[in-house]
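Accompanying notes for the structure given below.
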Amino acid sequence: MNIFFHELKAYRKSTFIWSVSLVLIIALFMSFYPAFAKDAENFEKIMEGYPEAIRNAIGFNLGNFFTILGFYCFPLSFITLCGAIQGMNLGTSIVSKEVSEKTADFLLTKPVTRTSVLTSKLLSAFVSIVMTNIIYLVATIFMVFQVKTDDFSMKILLLLSLTLFFIQLIFLTIGVMISVIVPKIKSVLSVSLTTVFAFYFLGMFSSTTGEEAKRYLSPFKYFDTAFIIKHSSYEGSFLLVSMIIIILAITVSYFVYAKKDIHSV
C-alpha cells in the first residue's frame, strides 16, 4: 500500500498537467461551436470541397458536424490522442523508471512480492487516469451546456467522452507490457510518442481506405463516433477486442515481470 501512495504522489504533478491540458483543449474547441452553428451552411460548402477520404481521416462527419455532439467529436479525436500519450507514458514508466533511477534493487529487496509491486503501480496509474477523466468529463459537460444551441442526449455525450478512458486503458496496459519486456528504456517519452503516433496514423490510413477490417489495427478506430451517435452504444466486436488487448497485456506483464532479471544499472 505504501508503494501505491508513493506512486500516486509521484504522478500527482503530471496528472494535474494532463488534466488541465485536456480541459483547455476542449474549452478552446467548444468555444468555437456557436460561430460554426450560426454559419453552418457556408462552412458546409467549404468542407464539401475536401475529398471524403481526408474528411474521414480527421474524423470529420458532415452528416452531424453542426449538431453539438457532432461538433464535439472533432476535438475528441485530438483529446484521445493526448490521452493515449498520457496513458502510454504512465504504463511505460511503471517499471522502466526503477531501472533508469537505479532504485530497482532497493525496491525488490523489500518484503513484498513482485506481484504486489506491479499491482500497486498499476493501481496508482489507473487512479491517475480515472482522476484525469473525471476532471475532463466535468469540464466537458459544463462547456457543452454553455455553448449548446439545441438539445442533446446526455447518454451519448457520456459514451463519447468515455472513449478517452478506454483508449487510455489500452495504451496504459500496452505501455506496461513494453516496460517489462524491454530491458532498459532510455527515454519513456520517445517510446510513448512513437507508439501512440504510429497507431494514430495507422488509424487515419484505415479511415481513408474504408475497409472495416483495417480498423482493428488501431485502437483509435475502435470507438466510431458516428456509430455511437446513431446507435447510442459501442460496437460490440471492437469493445471485445479492447478488453482482450487490456487483459492480454496485463497477463503478459505479470508473467514476464515475475520471472525477469531486473538490474538497477
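Listing for the model above:
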{"quantity": "Residue pairs, from the table 38/214; 38/230; 186/259, whose Cα atoms sit over 27 Å apart", "calculated": "38/214"}
{"quantity": "Estimated inter-spin distance, residue 64 and residue 149, nm [label 7 Å along Cα→Cβ]", "calculated": "1.8 nm"}
{"quantity": "Approximate spin-label separation residue 4-residue 127, in nm, with each point projected 7 Å along Cα-to-Cβ", "calculated": "0.7 nm"}
{"quantity": "Packing-based order for 223-233, 168-178, 237-247, using average beta carbon neighbours within 10 Å, highest first", "calculated": "168-178, 223-233, 237-247"}
{"quantity": "Full-stretch length increase - residue 184, residue 32 - with 0.36 nm per residue and alpha-carbon distance subtracted", "calculated": "50.3 nm"}
{"quantity": "Potential lengthening between residue 194 and residue 208 on full extension [0.36 nm per residue; Cα-Cα distance subtracted]", "calculated": "2.9 nm"}
{"quantity": "The stretch 159-265: GluC sites (Glu not before Pro) falling in loop per DSSP and having at most 14 other Cβ within 10 Å", "calculated": "211"}
{"quantity": "Calculated FRET value between residue 115 and residue 12, using beta carbons and R₀ = 35 Å, to 0.05", "calculated": "0.90"}
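Values quoted throughout were computed directly from the atomic coordinates according to the rules given, and no laboratory measurement underlies them. If you're wondering where the values come from, they're calculated on a predicted model, not measured in any experiment. Glycine gets a Cβ as well: all are built from the backbone with ideal geometry, and neighbour counts include every protein chain shown.
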